[in-house]
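Everything below concerns the one structure shown next.
The values are calculated or read from the model by the stated rules, or taken from the named source; none is laboratory data. Just so it is clear, the structure is predicted and the values come from calculations on it, not from any experiment. Note that each Cβ is placed from the backbone with ideal geometry, even for glycine, and that neighbours are counted across all protein chains shown. Remember, those area values only see protein heavy atoms, side chains included, never the ligands or the DNA or RNA. Shrake-Rupley method; radii C 1.70, N 1.55, O 1.52, S 1.80 Å.
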Amino acid sequence: MFDGGEKCAVVGVFGVKSSAKLAYLGLYAMQHRGQEASGISVSNGEKISTIKGRGLVSMVYDDAMLEKLQGESAIGHNRYSTAGNDSILDAQPIFARYALGELAIAHNGNFPNAQAVRQRLIDKGAIFSSSMDTENLIHLIAQSHQVKLRQRILDALNQVDGAYSLVFLSRSKLFAARDPRGFRPLSIAKIGDGYMVASETCAFDLAGATFVRDIEPGEMVVFENGKEPESIRFAASEPKRCIFEHIYFARPDSMLFGESVYDVRKGLGRLLWQEKPVEADMVIPVPDSSIPHAIGVSQASGLPFELGIIRNHYVGRTFIEPLQKIRDLKVKKKLSPIRSLISGKRVVIVDDSIVRGTTSRKIVSLLKEYGAKEVHMRIASPAVLFPCFYGIDTPNKEELIANNLTVSEIADYLKADSLAFLSIDALKKAVHSHEDFCLSCFDGNYFHNL
Ligand code: AMP
């Protein structure tokens, strides 16, 4: 599988002065969706300019740069890190000149069959400059025989299968499209006289935009000067939204697929407790991602919610070698239990998921080292048994701990006094219309041609 947009953020702004600054704010709010690289392309109606750089949004851009990016439409992207690729070549938006002019694209998602499409394009003479699935789209659009860009984009989308939330910027238009299964989110908001689209609604909150609606699976929206946004249904909608967005990936203050992420997470915690209670003194989250889930566990159990582990938000590399070897220095730099709180206590530690098991193992050992009498691990999602092909960065089957060990073997490996996962049935109960969700990382039901 080629590397695609993966677990990234996309944003688009149309018909507003300072569109680049609004795109910047959107990307800033969606930093959690990708920290490796960030980029913004702006059109001033005559030409498209792009800035891309490695690292966090706050490191990539400064005021002077954003001031130079003048124009009333923009798209932007945050890239999530995946091993082994040159992050600048693989940073987005991707820009190209082709028969109809200039085009920039930003992508969140993954095309599982990208390699076959790429080979077909290479056989026809295409030259690629990155390892991203997204580059396929540029070539498919450039080679299309359709006259108008919107038709060329639809032509290209019809030739790819997989997960995408995409924004396209031409000199005069913005296009935003979601794949027919709608794996990844993409919403529209109103801002001033213009519009904003973003992977997550938390981007609108920071930019001061007002949420209008989600783009539907199989829908492309065209933004053009002097016209209302035009909706094109290019494929029948067969929703398979990513459940992992709700479990872990999205920000808790976002509305995702029509539901509050925070509420869904608390619901997961409540259901987890109903299924797998245990005698204990307190509930603590693995900060920060599991805080809402742990609140749900606490509310359902009546056990006090405590911040038993404090997370250091300023972790970087340690340049000074410690005087003596400190066990688990890496995890201790990031997470530090409150000794006086947990010492001698039976704690329920809640995490949103277990993937390889590395995090949980270190956390259990840390809690024990700080004096916890019993450590009961509760996971607010089912065991991850299958890799994701649609843009969540889960590893190969062999690396997934639940694929190799039973629940009690995992508990032994973690050295936890007990371990329990949420059931798939309970997970389905935590969201509206569960049949519209993709649960492939838990049940192995995939939705593309394998
Ligand atoms: P692991 O240590 O491999 O079991 O990873 C599980 C931990 O990583 C949990 O604490 C999750 O909050 C977090 N997590 C889950 N999925 C992902 C992902 N796709 N990328 C990064 N972190 C994740």
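Taking the condition of being open to solvent by 10 Å² or more (accessible area, probe 1.4 Å), more than 14 Å from the ligand (Cβ to nearest atom) and not charged (D, E, K, R), how many residues in the stretch 373-406 meet it?
Summing the residues that are open to solvent by 10 Å² or more (accessible area, probe 1.4 Å), more than 14 Å from the ligand (Cβ to nearest atom) and not charged (D, E, K, R) in the stretch 373-406 gives 2.
Looking at (1) buried (at least 24 other Cβ atoms within 10 Å of the Cβ); (2) within 21 Å of L103 (Cα to Cα), which is the only condition K21 fails?
Every listed condition holds for K21 apart from (1).
For the list (1) modelled with pLDDT under 95; (2) in a loop (DSSP other than H, G, I, E, B), I need the number of the one condition that H432 fails.
(1)
What are the residues in the stretch 169-202 that are in a strand (DSSP E or B), over 19 Å from the mean Cα position of the chain (by Cα) and within 20 Å of I232 (Cβ to Cβ), if any?
In the first step, residues of the stretch 169-202 are kept if they are in a strand (DSSP E or B); the result is 169, 173-178, 187-191, 194-198.
This time we only want the ones that are over 19 Å from the mean Cα position of the chain (by Cα), so: 169, 173-175, 189-191, 194-195.
Scanning the stretch 169-202 gives L169, K173, L174, F175, A189, K190, G194, Y195.
Checking K190 against (1) surrounded by fewer than 24 Cβ atoms within 10 Å (Cβ to Cβ); (2) closer than 23 Å to S43 by Cβ; (3) within 16 Å of the ligand (Cβ to nearest atom): exactly one of these is not met. Which one?
(3)
Among the residues of the stretch 41-57, how many are of a type outside the set (D, E, K, R) and out of contact with any Phe, Trp or Tyr (no Cβ under 7 Å at 6 or more places or on another chain)?
Pass one, the stretch 41-57, residues of a type outside the set (D, E, K, R): 41-45, 48-51, 53, 55-57.
In the following step, the residues that additionally are out of contact with any Phe, Trp or Tyr (no Cβ under 7 Å at 6 or more places or on another chain) were identified as 42-45, 49, 53, 55-56.
Number satisfying all stated conditions: 8.
Here are some conditions: (1) within 16 Å of the ligand (Cβ to nearest atom); (2) in contact (Cβ under 8 Å) with a residue 24 or more places away in the chain; (3) in a loop (DSSP other than H, G, I, E, B). D288 meets all but one. Which one does it not meet?
Just one mismatch for D288, condition (2).
Just the residues that are more than 11 Å from the ligand (Cβ to nearest atom) and in contact with a helix residue (DSSP H, G or I) (Cβ under 9 Å, 6 or more places away or on another chain), please, taken from the stretch 331-364.
Across the stretch 331-364, the qualifying residues are K332, S336, P337, I342, V347, V348, V364.
I'd like the full set of residues that are open to solvent by 60 Å² or more (accessible area, probe 1.4 Å), assigned to a loop (DSSP other than H, G, I, E, B) and hydrophobic (A, V, I, L, M, F, W, C), limited to the stretch 208-236.
Once the filter is applied, which keeps residues that are open to solvent by 60 Å² or more (accessible area, probe 1.4 Å), assigned to a loop (DSSP other than H, G, I, E, B) and hydrophobic (A, V, I, L, M, F, W, C), the stretch 208-236 yields only A236.
Which condition number does L367 fail, the rest of (1) away from the ligand (no atom under 12 Å from the Cβ); (2) crowded, with 17+ Cβ neighbours inside 10 Å; (3) of a type in the set (A, V, I, L, M, F, W, C); (4) within 27 Å of the chain's Cα centre (by Cα) being met?
Result: L367 passes all but (4).
Before we move on, is F244 within 28 Å of D179 (Cα to Cα), within 16 Å of the ligand (Cβ to nearest atom) and of a type in the set (F, W, Y)?
Values: within 28 Å of D179 (Cα to Cα): yes; within 16 Å of the ligand (Cβ to nearest atom): yes; of a type in the set (F, W, Y): yes.
Yes.
Of the residues G308, G269, G302, G296, only one is open to solvent by 40 Å² or more (accessible area, probe 1.4 Å) and among the small types (G, A, S); which? Steps first, please.
Values: G308 fails: open to solvent by 40 Å² or more (accessible area, probe 1.4 Å); G269 fails: open to solvent by 40 Å² or more (accessible area, probe 1.4 Å); G296 fails: open to solvent by 40 Å² or more (accessible area, probe 1.4 Å).
The conditions single out G302.
What single numbered condition from (1) touching a Lys or Arg at 6+ places or on another chain (Cβ under 8 Å); (2) more than 24 Å from G296 (Cα to Cα); (3) within 13 Å of the ligand (Cβ to nearest atom) fails to hold for K415?
Checking K415 against (1) touching a Lys or Arg at 6+ places or on another chain (Cβ under 8 Å); (2) more than 24 Å from G296 (Cα to Cα); (3) within 13 Å of the ligand (Cβ to nearest atom), the one that fails is (3).
Quick check: is even one residue across the stretch 147-165 surrounded by fewer than 17 Cβ atoms within 10 Å (Cβ to Cβ) and touching a strand residue (DSSP E or B) at 6+ places or on another chain (Cβ under 9 Å)?
Checking the stretch 147-165: not a single residue is surrounded by fewer than 17 Cβ atoms within 10 Å (Cβ to Cβ) and touching a strand residue (DSSP E or B) at 6+ places or on another chain (Cβ under 9 Å).
Is there a residue being without any contact (Cβ under 8 Å) to a residue 60 or more places away in the chain and assigned to a strand (DSSP E or B) anywhere in the stretch 237-253?
no
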